[in-house]
Structures are given as C-alpha cells and as structure tokens.
Amino acid sequence: GVSLPGEQPGMISFKTPVDQAITAFGQAVTVNVMQMMQAYSSLANNGQMVKPQLVNKITDSNGKTLKGYEIKKVGSKIYSNKTKKVVLANMKRVLNKQSGTGNAYKMGNADIAVKTGTAQIANPKGGGYLKGDSNYIFSVVGVYPTKDPRYCIYLTIKQPHLAGTTAEKILASIFKPMMSRII
C-alpha cells in the first residue's frame, strides 16, 4: 500500500501444522522489502506495525512539518513488550555468535541488533529452486538502539557475484557505514 508500481501482496500459509512447521524456518513465506520493514517497524513501536512511507523531506528549514506526513499504524499490536525484549535479545546474540553470519555486522560495542536471512529463489522453469552458491536472496536487518529502538535498516542482495568474498561481507560493507551515520 505504498503506491509503488508493481506492488504485490505477500503470502504466508499458516493453516495446517505442516504449514506452521515450515513457516517457522522461513519456508512458504513470500514478502517484499516494504513488508519486512513494516514487520520490523513494530520493534520501535511497542509491538505496533507502522505503514512504510516514502518521504522526500520531513521538515523545512524552519522546522515546519511537511503537510500530510504522519505515522500510520497498521492493524493491532502484534506482540507484547516482553516478547519484544526476547526478540531483541536474540537479535543481539546473532552479532556475537562465532558460527553463522551475524558477526559480520558487529560494530565494536555499538548497541545494535541484527537478523540475517537467506532465501531460496524459485526456479522460473519450475521444479524447485535454483542451484548454486549465489542463487539466493541474502538479507540483514539491523535496529538501533536495542534498549529503545528508533532506527531500522533492512538490506537485501539477490544473486551476488561472490568471487573471493561472501554475501555477508558485501552486505556488511553497506550496512556498517549506514548504521554508523545513524549512531
């Protein structure tokens, strides 16, 4: 609902126990970047999702609010403050794990939390998913500060050329300077 050309609704199948099981590790879910941002916006809004908006500017040089700019809540609160704290604590742990991809985004002692993702790409000719090390969509979402989140960055890269590097290093080379500016 952000009025961009070609917008598509997401899909999540959660009707049967099998659907629920495979959804738990990311299968059977299709969302776009704006839908992910909407979901992660709830971390900074006490469990309430906020409709993503494209904003040219928020205020003029005199501090006057841009006409028509307002935060639009979406739906009802989706989780409790207790759940929010657990989610953020787990996202913080992602940075400190020696195994996995999250530690690529660690920035000293910065109070950030991240979640990485790897999505298979459906074979356009049918018959499952594309094969090969770079035939994925890789992503990272970061929030700052974890004590009271106000900012969220979400980056994705589709089918990166990995000669001599990893998707995490590519994403981290973009993520870290952006997060540094926010901090």
- Take the solvent-accessible surface of the protein heavy atoms, probe 1.4 Å, and return the percent of it on the chain that carbon and sulfur atoms account for. 55
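Please express the shape of the chain as an equivalent ellipsoid: the semi-axes are the square roots of 5 times the eigenvalues of the C-alpha gyration tensor, given largest first in whole angstrom. Intermediate results must be reported in sequence, preceding the final value.
Values: eigenvalues 149, 97, 73 Å².
The three semi-axes for the chain are 27, 22, 19 Å.
Dipole magnitude of region 34-183 about its Cα centre, charges +1 at Lys/Arg Cβ and -1 at Asp/Glu Cβ only, in debye to the nearest 20?
It works out to roughly 340 debye.
Where only protein heavy atoms count, and the probe is 1.4 Å, what is the accessible area per residue for the chain in Å²?
On the way: 12040 Å² over 183 residues.
Computed with neighbouring chains in place, this is 66 Å² per residue.
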- Item | Shape call, region 1-42: gyration tensor on alpha carbons, a/c limit 1.5 | prolate
- The FRET efficiency for residue 61 and residue 147, from their Cβ-Cβ distance with R0 = 45 Å and rounded to 0.05, is 0.90
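The values are calculated or read from the model by the stated rules, or taken from the named source; none is laboratory data. Everything numeric in this text was worked out from a predicted model, so none of it was measured. Here Cβ is always computed from backbone atoms with ideal geometry, including for glycine, and neighbour counts include all displayed protein chains. Surface areas here come from the heavy atoms of the whole protein model, side chains and all, with no ligands, DNA or RNA. Shrake-Rupley method; radii C 1.70, N 1.55, O 1.52, S 1.80 Å.
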